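The values are calculated or read from the model by the stated rules, or taken from the named source; none is laboratory data. Just so we're clear, the structure is a prediction, and the values are computed from it rather than from any experiment. Here Cβ is always computed from backbone atoms with ideal geometry, including for glycine, and neighbour counts include all displayed protein chains. Note: accessible area is taken over every heavy atom of the protein model, side chains too, but ligands, DNA and RNA are not part of it. Shrake-Rupley method; radii C 1.70, N 1.55, O 1.52, S 1.80 Å.
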Amino acid sequence: MTFHYLLMAGHAIYLKQLMAELSHTGLTSGQPKVLDYLMEHDGANQKEIANACHIEAATLTSVLNGMEAKSLIERRRADGNRRSFYVFLTDGGKEMGRQVTEAFARLEQYTFQDIPPEKVRGFMEMFQELYQRMEAPINTGKETNIICHTES
């Protein structure tokens, strides 16, 4: 199998498993990662959330609207800034965030069960390196050209 297939298929499978774990909550597929981010960054602005969660601003607005309708978050202007909304978890949002955190922990434990800790550490180090490499063009705002080199 190729890297791109494993990455995309793995993400799809992981999201299905996560949503099955959280089926009793009524969350939609974009909401757990936003809750997960807000658990550590309560009061972030929408641009920060979109960047951290790798979602388009329009998509985030839809996700946040759904979360607001469920009373999981509230959007407020802060520090006299009339242009940006900051997103805060409600008490219900914090409780839902704890459930999401627990679901992620269960999935990670299941995923890595019976794999020696040194192999898990090595995999996580490599995956972090790959993530940073893939994210670098996004952070610099430069378009990338993928250059293929072949050995002669």
- request: Mind pulling the per residue volume of the convex hull built on the Cα atoms of the stretch 79-122? Å³ is fine.
  value: 130 Å³
- prompt: With every protein chain left in place, what is the accessible area of M124 in Å² (1.4 Å probe, nearest 10)?
  reply: 90 Å²
message: Please compute one quarter of the surface area of the Cα convex hull for the chain and express it in square nanometres.
response: 12.4 nm²
Residues of the chain: accessible area per residue with a 1.4 Å probe, Å²: 73 Å²
- prompt: In the chain, carbon and sulfur make up what percent of the accessible area (probe 1.4 Å)?
  reply: 54 percent
Electrostatic dipole magnitude of the stretch 11-94 [Cβ: Lys, Arg +1; Asp, Glu -1; Cα centre; debye, to 20]: 280 debye
- prompt: Using a Förster distance of 22 Å, how high is the FRET efficiency between R98 and S62, based on the Cβ-Cβ distance and rounded to 0.05?
  reply: 0.35
field: the chain: angle of helix 117-140 to the longest principal axis, Cα-based, in degrees nearest 10
entry: 70 degrees
query: What is the stretch 16-139's relative contact order, in percent, from Cα pairs under 8 angstrom and six or more apart in sequence?
result: 26 percent
Cα-based helix-to-principal-axis angle, 31-40 vs the chain, degrees rounded to 10: 80 degrees
query: Once you charge only the Cβ atoms, +1 for Lys and Arg and -1 for Asp and Glu, what is the size of the charge dipole of the chain about its Cα centre, to the nearest 20 debye?
result: 500 debye
